[in-house]
Structure formats: structure tokens, C-alpha cells
Amino acid sequence: MKIPIFLLLIGVGLNIFLIVGLAVTRTRLLISRKRLRSAMHNSVELSNFLALFTQNMKSEADMQNWMNVTARYIMELVEAQSVCVFTLENNMLRPVGVSGPFPLFHKSSSDYVMTKPKYLLEQLKSERIEVGQGIVGEAAKFKREIMLGSKDLDRSRLYVTDPLVPIECLMALPLISNGEVTGVICAVNNMQEEGQKYFSSEQFGRFRFIAGQVEIARRIIDAYSKLSRQQRLNQELEFARNLQRSLLPDTMPVWGQFSVHAYTRASKEVSGDFYDFVQVDEDRLLVVIGDACGKGIPACMITAMTRSFIRANVDRCPSLMKLMLELNTNLNRDAGAGRYITLGCCVLNRRDSTLEYVRGGHTELLVYIREHIRTIYPDGAGIGLLPSEAVEFDTLCIEFTPEMSVLMFTDGINEAVSPRTGEYFGVPRLKELYLASSLAKEDPETFIRKTFNAVDDFAKTPGGEGQEDDQTIVLINHI
């Protein structure tokens, strides 16, 4: 029986269709298996990389070495002779991690090729590659993945002058975060097979995969570093706050017919203002107010130096002038250029009811006497600003009578600024408040509270929030 030809053709067509279908299915299966193997391989590599990362990030000191460890991991992963990790800073690429004999971009004075990361990185540290310059700079500028074999290499394009390490092939990839280039990683010379002068697509695929993980880890390091710096800063601030608290007396003294009240508040975490009370002998008490140049921790250090010197030397200096000159000599020598402090110093003598005063560049002394406010500002430069040979300090001595008082303050009070007019609070306003309070016979705490409230209302700094300078008041009353 003859089979009709059209049935024969249909059968052949079905066979061909089945063969092609099987071939396509097999091809798809092979591709899927390859992708699965690749995904599993990447998963393993990612796990290894993260394990390496956590092992080498146990302390802040490890951050500096971590990029060297990363470079070594990449070098082994892609089977390269050497790898260098660059970071982008101010439009220049700077090496931060290296493994293997990576070529220098300028010939070293020595022909010895260093392979230990710490030595090689020391040589590479001086290298800076401008974005767009050479292969590495090109990868950063154009966000371009680059893979070159021996036939594609050009020394001028490499930006390598007489390399100590011959370059046969290389790969360069930009590190990208949020669309912006943050660095480049570069691998040199394939070690997979001896004499092979190009990297395979498989090696390049591994290189591309790990580049993304390096950028993620770099961002973690950056965050960790900032956190560590913040922790250090918090520790330093806590130390400074404790130091600041130790500078201020615990109680306000009553010295014979004198009573002393003071209050200070800082514009930053710590203050450059201070006040202190130091007993000179059984009759005399030294009252000091100071305002160090600047704010924050540096200013706090100056106040600490000043307080320590005064307390250590007040009993051996026969006069206030001598004390100021000795202090000026020490600060001018030790505090550093541009560092100084202004001081107002009163010696209260309870035996003869006198007040001796000296001023070192400080704000004026306000005196309430006979229902008037008098302003006193004897000559005297800031302490530490000039050599002692170039400064003089005038002193004055006044009898301290009943119902008399004196007010010392720092310029954070009178130089508080109105945000609306740009005007200073000024000494005249302070004198008005002082006179009104004295005439009303208000207690010192009330006057001090009213003064700070008035300054806050004027400068729009409720409770001192947002004040631009440290603020301190010392009030001495006759009782």
C-alpha cells in the first residue's frame, strides 16, 4: 500500500519540528544550567566576600587595611597578577588598596619591585591620576568598562612611564554609587594561563560582579568611619564638658561684706568663657572672669590653661600686674599663634573693704555707686596676644561701700545681635537693666535671670538656643 506523498511530507515535517524543538529545549536547558551555575558561583563569591569583609572590619584600625585585603581577594578571584583600588577625591584618583606588583605610574628611583601591599602602597600613595587621564582616568570620566589585550595596549594611553612591571593586559571598571563615580578598580596581567596576553570574558564577568560588591562595602566603610569619628567626637566633647564643669566653682562665695554671684552658658557644646574664685590669703579673694578667643573645645583648652596657671601662681605673685604679666608670658609662648584670652580680675579684701581691679583686653567694668552706673576700663591687652615686653596692665583700687556693686560680663552679652535690625544688644541696654535692678534692690539671681531673658528676647534666642557666642555674668555685691 502506497503512503500518500502529502502524509509522508507531514511526517518528515513533524520529525524535523521535534528535532528542532528538542535542540532548542536542550539549548535553553544548557543556558539555564549555565546561568544557575553562574548565579551559584556569584552567590558563593558574595558570601566569601562578605565573610572576608566582616572578618577584617572588627575595629576602626582595620579600615585602613581593608582595601588591601579587598584588592588581594579580587586578584585571586579574577586570577590577575596585580590589582589596585582607586578612590576619587577632588577630581583625582588616588590608590587606596593594592595587591601584587602593580605598575607605578611614574618610574621609581629603584628597580626593585615591591610586592608587599604596605610597601607598594607607600610608593603608590604619591600617585594622582586626573579624571580622563590614561586608562584608569578614562574609566572614571566616561563610566566605561575597559578590557585590553596586548594588541590594544598603547603606552601613552596607559599613562605609564617606563613601567617596572610589564603590562600585557588589563581590566578597568568604574565604581559607581547613585550614578556618580566614586573610584576605579584595575587588574593587570592574566595569570590563568602562562603567556596568555588577554583576559577572558569569564574573568571579566567575575571582575564586573565583584566591583558592585566593592562599592557597597566602600559605602559601609564610609558610614562606619563617619560613625567612628562621631563617636570619637562625642567622647572628646564629654571629656571637654567634664573639664568645663571642673572649671566652674561649685558654690558662690560670701567673703566678708562681699557676695559673689555668677552664671554662664555656652553657644556650643562647651564654652570658652569661665569664671573662678581663688583665695589668695585669709583676707583676699580673687574673682576672675575670662573669655577665650574662639569657641568650643580649642577655647575650652585655653580657659583650662589660664585657670590652672592662675591657681598655681596667685600666691607667689605679689601683685595683680605681676600675675597678668606672668600669665601673658606663658600663654604667648604655649597657646599658639592667634590664641589668647581676655580677663577681668578683682581682688576683694574683706579686711579693709577694698576692690582692686585689672583688665586684660576684657569688656568694661560696670560699677553701681550712689544710684549711678560708672564705666571703668583700664588699659590692658588680651592675654597671650603679644609678648610681655610689649604690654602693660593698669590696675585700680576702690573702696567698696554699702549698697555698691560691680558687674563683669563677656562680650557674648553686649554683642548679641538682633536678627531683624542687625543691631548689637550693646552696653547701654545692659547698663539700663543693671541700674533698674540696683535701684529696685533686686536680688542678684533676679537681675541675672532678667538680663539673660532680655538678651534672648532681643536676639530671638529663646533659652539661649542659637546664640552666637558664649555668655557670662559675674555680679559682686556689698552686703
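Scanning the stretch 66-102 for residues that are under 23 Å from residue 206 (Cβ atoms) and either open to solvent by 60 Å² or more (accessible area, probe 1.4 Å) or at pLDDT below 50 (or both) turns up 72, 76, 79.
Listed conditions (1) out of contact with any Phe, Trp or Tyr (no Cβ under 8 Å at 6 or more places or on another chain); (2) touching a residue at least 24 places away in the same chain (Cβ under 8 Å) are all met by residue 370, apart from (2).
Of all the numbered requirements in (1) in contact with an Asp or Glu (Cβ under 8 Å, 6 or more places away or on another chain); (2) part of a strand (DSSP E or B), residue 406 misses one, and that requirement is (1).
A count restricted to the stretch 342-359 and to residues that are within 12 Å of residue 401 (Cα to Cα) and surrounded by 21 or more Cβ atoms within 10 Å (Cβ to Cβ) stands at 1. Here residue 343 clears all of (1) closer than 21 Å to residue 276 by Cβ; (2) out of contact with any helix residue (DSSP H, G or I) (no Cβ under 6 Å at 6 or more places or on another chain); (3) touching a residue at least 60 places away in the same chain (Cβ under 8 Å); (4) not acidic (Asp, Glu) except the condition numbered (3). When the stretch 450-460 is filtered for residues that are more than 30 Å from residue 370 (Cβ to Cβ), touching a residue at least 24 places away in the same chain (Cβ under 8 Å) and not in a loop (DSSP other than H, G, I, E, B), only 459 remains. Of all the residues in the stretch 186-197, those that are in a loop (DSSP other than H, G, I, E, B) and either within 22 Å of residue 85 (Cβ to Cβ) or among the β-branched types (Val, Ile, Thr) (or both) number 2.
The one condition from (1) outside any strand (DSSP E or B); (2) crowded, with 17+ Cβ neighbours inside 10 Å; (3) not aromatic (Phe, Trp, Tyr) that residue 463 does not meet is (2).
Can you tell me which residue is nearest to residue 440 (Cα to Cα) among those in the stretch 364-390 that are over 37 Å from the mean Cα position of the chain (by Cα) and part of a loop (DSSP other than H, G, I, E, B)? Result: 371.
State whether the residues of the stretch 214-228 include one that is closer than 27 Å to residue 289 by Cα, out of contact with any Leu (no Cβ under 9 Å at 6 or more places or on another chain), open to solvent by 40 Å² or more (accessible area, probe 1.4 Å) and modelled with pLDDT under 70.
no
So that you can scan it fast, the table gives a plain yes or no per residue for (1) open to solvent by less than 40 Å² (accessible area, probe 1.4 Å); (2) not in a helix (DSSP H, G or I):
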position	(1), (2)
260	yes, yes
276	yes, yes
288	yes, yes
298	no, no
302	yes, no
306	yes, no
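Taken together, 338, 360 contain a single residue that is in contact with a strand residue (DSSP E or B) (Cβ under 6 Å, 6 or more places away or on another chain) and modelled with pLDDT under 95, which is 360. Residue check: is residue 408 touching a residue at least 40 places away in the same chain (Cβ under 8 Å), under 17 Å from residue 369 (Cα atoms) and touching a Cys at 6+ places or on another chain (Cβ under 8 Å)? Yes. Restricting 447, 393 to those that are of a type in the set (A, V, I, L, M, F, W, C), buried (at least 20 other Cβ atoms within 10 Å of the Cβ) and part of a helix (DSSP H, G or I) reduces the list to 447.
Filter the stretch 418-439 down to residues that are open to solvent by 50 Å² or more (accessible area, probe 1.4 Å), over 16 Å from residue 367 (Cα atoms) and not in a strand (DSSP E or B) and give me whichever is modelled with the highest pLDDT. Restricting to residues being open to solvent by 50 Å² or more (accessible area, probe 1.4 Å), over 16 Å from residue 367 (Cα atoms) and not in a strand (DSSP E or B), the top hit is 423.
In the stretch 165-185, the qualifying residues are those that are surrounded by 17 or more Cβ atoms within 10 Å (Cβ to Cβ) and in a loop (DSSP other than H, G, I, E, B), and the one that is modelled with the lowest pLDDT is 165. Among the residues of the stretch 319-331, is there at least one that is closer than 22 Å to residue 431 by Cβ and in contact with a Gly (Cβ under 9 Å, 6 or more places away or on another chain)? Scanning the stretch 319-331 turns up no residue that is closer than 22 Å to residue 431 by Cβ and in contact with a Gly (Cβ under 9 Å, 6 or more places away or on another chain). The residues in the stretch 343-358 that are out of contact with any Cys (no Cβ under 8 Å at 6 or more places or on another chain) and under 30 Å from residue 299 (Cα atoms) can be counted, and the count is 6. Residue 284 meets the conditions (1) within 29 Å of residue 465 (Cα to Cα); (2) of a type in the set (Lys, Arg); (3) buried (at least 17 other Cβ atoms within 10 Å of the Cβ) in every case but one. The failed one is (1).
The values are calculated or read from the model by the stated rules, or taken from the named source; none is laboratory data. Only a predicted model underlies this, so the values are computations on that prediction, with no experimental measurement involved. Methodologically, a virtual Cβ is constructed for each residue, glycine included, from the backbone with ideal geometry; neighbour enumeration extends over all protein chains shown. All accessible areas refer to the heavy atoms of the entire protein, side chains included, with ligands and DNA or RNA removed. Shrake-Rupley method; radii C 1.70, N 1.55, O 1.52, S 1.80 Å.
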